[in-house]
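K.L.:
One structure, as structure tokens, below. Some questions next.
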Amino acid sequence: MGSHGIRDRVAIVGMGCTRFGERWDCGVDELLLEATGEAFESAGLAKDDVDAYWLGTAQSGMSGMTLSRPLRLRDRPVTRVENYCATGSEALRQAAYAVASGAYDVAMAVGVEKVKDSGYQGLNSFPIPGDGTQRTLTAAAMFSMVAPAYGRRYGVSDEEMRLVLARIAAKNHANGARNPRAQFRKEMSVERLCAMPAVAGGLSVFDCAGVADGAAAAIVVRAEDARRYTERPLLIKALSFVAGDGSGLMDPAYDYTTFPEVAASARDAYAQAGVTAPAEELAMAEVHDCFTPAELVLMEDLGFAERGSAWKQVLAGSYDLDGALPVNPDGGLKSFGHPVGASGLRMMFEAWLQLRGEAPPERRISPGIRSLALTQNLGGYPGEMVSFVSILGLA
Amino acid sequence: MSVRAGAERRPSRGILSWAGYVPHYRLDRQAIAAVAGSGGGTGTRSVASYDEDAVTLGVAAARLALAGAPAQPRELWFATTDPPYLDRTNATAVHAALRLDRTVAAYDAVGSVRSAAGALRAATRAPGPVLVVGADLRGGLPGGPDEAAGGDGAAALLVGSEADAPVVAEVLATASVTEEFLDRWRLPGEPASRLWEERFGETHYGALGAEALKLALDKAGAAPEQVRYLVVAGLHGRAVHSVAAASGLAAERIADRMEQAIGNAGAAQPGLLLAATLERLGSEPPGQLVVLLVLADGADAFVLRTTGALAGHRPARPVAAQVSAGGPVGYGTYLAWRGLLPVEPPRRPRPARPSSSAASRNRAWKFGLVGSRGEDGLVRMPPSPLDTAVVPMADAAGTIVTFTVDRLAYSPSPPVVFAVVDFDGGGRLPVELTDVRADEVRIGDRVELTFRRLSTAEGIRNYFWKARPAWKED
């Protein structure tokens, strides 16, 4: 028994990602065609060259036919997967393991979400019939409880915490402003962000990820076949996934200053990849900044900062584009936008661009000898979440 | 005192326990005329919160009455003029929230204030302990007299015999006079009553009240001057006043109807006034006579005599203390809560209706707030099917660990104030807060649990529990 991973056995050889945003002009079909088309082109493949497909969408369609119909796929296995906001990562994980198993030569993972047709701001979950006792709080409110808990535990005043969270948002806005595919392309000053009215706990709308339509796709093959498709394949070093048991909501020991599911998935991923000092070894990280307090806590759960110190690192600029470890160089969920099923693959798309030196110069990181990227994608709420961590690297 | 037992009286049957419940909010009557152009008056009236209805009010009173009660009811009667449902029993939700045994019968007595009197009368004649719950939300059209005079509240009286538990007030006699006449009527679904000329009802009730009072006192073998307190209840304000005045009893022997502070809570008023009266008599010697006279489509009289057990019965939350507690609600908010002022709803999807089958399966959790405890010692809410030990949590006291104010989530009355609560003795529940102002919640605040209505969808009232500031004894 054990989690062994598939280090260096599978590679990403093609990727695509749509512009994220209020795509009033596009439906699910158009978004899927746009993302998969770019991925096919980047790998030099046609749809019939792909042996199996995994489609991740949280609530924009059911079954594999959501993909097979618009792409006119015939006689291909297409599986729809869903795992909260980590849905896109889950699709990639399934496709990679299918290739590693030897069952298929070429597989594609696609993630899509069309959220802007609901007529409401924010994300709204599909109601599953229940006894009526389920919480109906927004995700923003659930995550807002992290900030005061962290502040109390580590002696960060409300004013300092407001500044730290604004600093995270400002960084991601600055990065997003340099990303033509991002939903929000406007820089926001810390001062302006601090002045925004609170909507959930101490969080303003600008502490929340943008809710966007979009799609992203990746093609995976066995590592030994990768150079048939690209000179610079991205090797999968680790794929880890943890589904929490929700006990944080019931256990008085949980204090809202950490996401144990993330820490567990990070440990597993680092073990698979042989990473021992992530802050020194990683060239960049894409993390699930659904709300600014989440990014703060993730820096510690992923081992980028000691417990209780991430807020100082944030203020010191350690995670800026030119910092010691750039985090969310593409703008993150905050600015790139969050089409639920696509976000995990969007994170990998940034790793794909940055590690291959294809990111636009204005937001290109300087990794030096570092060649690994981490993506971290979560779904759910503090105390009850699923967490995915991948580590990708150049050959 | 020489008081002869009436022929119909069973020995030593009477009140075993009681409680009133006055909701948190108070409407200043002076705020009414400024908006409605007329109406209002002086003083305040009690107002049920947006998440309360007759069922939740009734649950609140019944929980207080049964807290530490020496006997458990074998029957439950639920009386209201404002039943959440027709065609289905409302008392079953009260029954479930009280976690009564399934062999305890539960019935509604709905439609009129007289229902409450009838339920109490039936309880005095039943074989075992009977819990009589009256709960009401009273109002009228904006600016009208019923709006200002009405109040919201509930009362629960546990009636039984000496064989069940010590009786604190024996029922010596009852009398009922019935007469068909039209004084007040309301069509199903309408927010306000319609009234006949006031003098017509006053004349009829004057005669009916005097007749019932005399019948009951005669049965009890008591003279009017032996009555320590005459409690007169009923929706006809002038009639209630004049019947009390015509009784010949001195003003200090007429029980205060709390009209200045909370108003007339309809089907809850008889029980609420009786509860407050018993609480006043706790410090007086036993043997005090109390007459409860209910003027509603006739008149019902109950003659009670306090016993030595009354002094030992400490009410969990005295009515008088509840009346003087509470916080203000604006007239606009009151109107919106009552559905009389449609306000812009939050631009969020409305909650879906709860599943009837899921609610039924999980009724111990949903209505009774029963969690579970596993072998690992963790209390789980909702309960886990892997755990064997059930843990009733409704009476647990807790402390706010962290909280948030959600201005985005849907609520019938935004914003949602939400807290993570850790309970004394184990268990954590992330739960909505109620009866609080968003700006006055603090980490470390003590809270108690209260049965409320989360939302209504497709006419289905979604009942569940919330937390509210813990009751502070003065």
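K.L.:
Per residue of B:348-358, count partner chain C-beta atoms within 10 Å of its C-beta, then hand back the mean as an integer.
P.N.:
That works out to 5 on average.
K.L.:
Right, something else. Take the Cβ-Cβ distance between A:Ser157 and B:Lys472 as r, set R0 to 22 Å, and report the resulting FRET efficiency rounded to the nearest 0.05.
P.N.:
That gives a FRET efficiency of 0.15.
K.L.:
OK, next. Using label points projected 7 Å from each Cα along Cα→Cβ, tell me how many nm separate A:Asp117 and B:Gln30, to one decimal.
P.N.:
Between A:Asp117 and B:Gln30, the simple spin-label model gives 5.8 nm.
K.L.:
Let me ask you something else. Hey, in the GNM for chain A with a 10 angstrom Cα cutoff, which one of A:Glu280, A:Glu38, A:Glu30 fluctuates hardest?
P.N.:
With Cα springs under 10 Å in chain A, the top fluctuation among A:Glu280, A:Glu38, A:Glu30 is at A:Glu280.
K.L.:
Once you've got the GNM for chain A with C-alpha springs shorter than 10 Å, pick whichever of A:Gly380, A:Gly176, A:Gly88 has the biggest mean-square fluctuation.
P.N.:
Checking each option, the largest mean-square fluctuation is seen for A:Gly380.
K.L.:
While we're looking at this one, here's another question. Once you wrap a convex hull around the alpha carbon atoms of the range B:138-217, what is its projected area averaged over all directions, in nm²?
P.N.:
Averaging across all directions leaves 8.0 nm² for the Cα convex hull.
K.L.:
Students often get this wrong: which residues of the range A:249-275 have the backbone nitrogen under 14 Å from the point 7 angstrom along Cα-to-C-beta of A:Arg307?
P.N.:
Correct set: A:253-261, A:263-264.
K.L.:
Hey, what angle do you get for helix B:54-66 against the long axis of chain B, alpha-carbon based, 0 to 90 degrees rounded to 10?
P.N.:
Long axis of B:54-66 versus the principal axis of chain B: about 80 degrees.
K.L.:
To the nearest 500 deg cm²/dmol, what mean residue ellipticity at 222 nm is calculated for chain B from DSSP H runs of n ≥ 4 alone, each contributing -39,500 (n - 2.57), summed and divided by the residues?
P.N.:
Taken over chain B, the calculation gives -7000 deg cm²/dmol.
K.L.:
If each residue of separation counts as 0.36 nm, what is the full-extension length gain between B:Ser283 and B:Ser384 once their alpha-carbon separation is subtracted?
P.N.:
Working it through step by step, the gained length comes to 31.6 nm.
K.L.:
Just need the relative contact order of the range B:356-469 here, percent rounded to a whole number, with Cα pairs under 8 Å and 6+ apart.
P.N.:
22
K.L.:
Moving on. To one decimal place, what orientation-averaged projected area in nm² is obtained for the convex hull of the Cα set of the range B:13-337?
P.N.:
Over every viewing direction, the Cα hull of the range B:13-337 projects on average to 15.0 nm².
K.L.:
Can you list the residues of the range A:98-123 with backbone N under 19 Å from a point 7 Å past the Cα of A:Asp49, pointing along Cα to Cβ?
P.N.:
Counting only backbone N, you get A:99-100, A:104-110.
K.L.:
Please compute the average number of Cβ atoms from other chains found within 10 Å of each residue's Cβ in peptide A:374-383.
P.N.:
1
K.L.:
Listed here are the pairs A:Lys47/A:Lys237; A:Lys114/A:Lys312; A:Lys116/A:Lys186; A:Lys116/A:Lys237; which of them are more than 28 Å apart at the Cα?
P.N.:
Checking Cα-Cα distances, A:Lys114/A:Lys312; A:Lys116/A:Lys237 exceed 28 Å.
K.L.:
Against the longest principal axis of chain B, how steep is helix B:198-220, in degrees 0 to 90 to the nearest 10, with axes from Cα atoms?
P.N.:
Once rounded, one gets 80 degrees.
K.L.:
For B:Ser49, list long-range residues whose amide hydrogen, built 1.01 Å from N in the peptide plane, is under 5 Å from its own amide hydrogen.
P.N.:
Residues meeting the amide H criterion: B:His24, B:Tyr25.
K.L.:
Quick one: what are the phi-derived ³J(HN,Hα) couplings along the range B:119-136, Karplus 6.51/-1.76/1.60 with θ = phi - 60°, whole Hz, x for glycine and proline?
P.N.:
Running phi through 6.51 cos²θ - 1.76 cosθ + 1.60 with θ = phi - 60° gives 5, 5, 4, 4, 5, 6, 10, 7, x, x, x, 10, 9, 9, 10, x, 8, 7 Hz.
K.L.:
Sticking with this one: If you plug each phi of the range B:443-450 into the Karplus form 6.51 cos²θ - 1.76 cosθ + 1.60 with θ = phi - 60°, what whole-Hz ³J(HN,Hα) values come out, in order, with x for Gly and Pro?
P.N.:
Values, residue by residue: 4, x, 4, 8, 9, 10, 9, 9 Hz.
K.L.:
Moving on. What FRET efficiency, computed as 1/(1 + (r/R0)^6) with R0 = 22 Å and r the Cβ-Cβ distance, is obtained for A:Arg135 and B:Arg361, rounded to the nearest 0.05?
P.N.:
For A:Arg135 and B:Arg361, the calculated efficiency is 0.70.
K.L.:
Another question, then. Using a simple spin-label model with points 7 Å from Cα along the Cα→Cβ vector, what separation in nm is obtained for A:His4 and B:Arg125?
P.N.:
Reported label-point gap for A:His4 and B:Arg125 is 8.2 nm.
K.L.:
In Å and on Cα atoms, what radius of gyration and Dmax does chain A show?
P.N.:
19.5, 59
K.L.:
A follow-up question, please. Calculate how large, on average over all directions, the projected area of the Cα convex hull of the range B:405-474 is; give the answer in nm² to one decimal.
P.N.:
So the mean shadow area of the Cα hull is 5.8 nm².
K.L.:
Further question: Please report A:Arg72, A:Arg162, B:Arg121 as a ranked list, fewest other C-beta atoms within 10 angstrom at the top and most at the bottom.
P.N.:
Final ranking by Cβ density, sparse to dense: A:Arg72, B:Arg121, A:Arg162.
K.L.:
Kindly identify the range B:343-474 as rounded, prolate or oblate by the Cα gyration tensor criterion: order the square roots of the eigenvalues as a ≥ b ≥ c, call it rounded if a/c is under 1.5, otherwise compare a/b with b/c, prolate if a/b is larger, else oblate.
P.N.:
Judged from the Cα gyration tensor, the range B:343-474 comes out oblate (a/c at least 1.5, b/c at or above a/b).
K.L.:
Let me ask another. What FRET efficiency comes out for B:Trp196 versus B:Ala321 if R0 is 35 angstrom and r is the Cβ-Cβ distance? Round to the nearest 0.05.
P.N.:
Calculated value: 0.40.
K.L.:
Once amide H atoms are placed 1.01 Å from N in the peptide plane, what residues at a sequence separation of 5 or more from B:Val232, or on another chain, have their amide H within under 5 Å of its amide H?
P.N.:
Here the answer is B:Ala255, B:Leu293, since their amide H atoms fall under 5 Å of that of B:Val232.
K.L.:
Return one number: the angle in degrees, 0 to 90 and rounded to the nearest 10, between the long axis of the Cα atoms of helix B:237-246 and the longest principal axis of the Cα atoms of chain B.
P.N.:
The two axes meet at around 40 degrees.
K.L.:
Beyond 19 Å, what share of the Cα-Cα pairs of the range B:322-421 remains, rounded to the nearest whole percent?
P.N.:
When all Cα pairs of the range B:322-421 are counted, 66 percent exceed 19 Å.
K.L.:
Rounded, prolate or oblate for the range B:237-290? Axes are the square roots of the Cα gyration tensor eigenvalues, ordered a ≥ b ≥ c, and the cut-off for rounded is a/c under 1.5.
P.N.:
oblate
K.L.:
Would you calculate the separation in nanometres between label points at B:Leu141 and B:Ala163, each defined as 7 Å from the Cα along the Cα-to-beta-carbon direction?
P.N.:
Each label point lies 7 Å from its Cα, and together they span 5.3 nm.
K.L.:
Which lysines does B:Lys366 reach when only Cα atoms under 24 Å apart count, and residues fewer than 8 places away in its own chain are ignored?
P.N.:
Of all the lysines, those that pass the test against B:Lys366 - Cα under 24 Å, at least 8 places apart if same chain - are B:Lys466.
K.L.:
Given all pairs of different Cα atoms, what value in angstroms does the Kirkwood hydrodynamic radius of the protein assembly as shown take?
P.N.:
Taking every pair of different Cα atoms in the protein assembly as shown, averaging 1/r and inverting gives 30.3 Å.
Where a number appears in this text, it was derived from the coordinates with a stated rule and is not lab data. Here the structure is a predicted model, which means the values were calculated and not measured. A quick note on method: Cβ atoms are made from the backbone with ideal geometry, for glycine too, and the neighbour counts reach across all protein chains shown.
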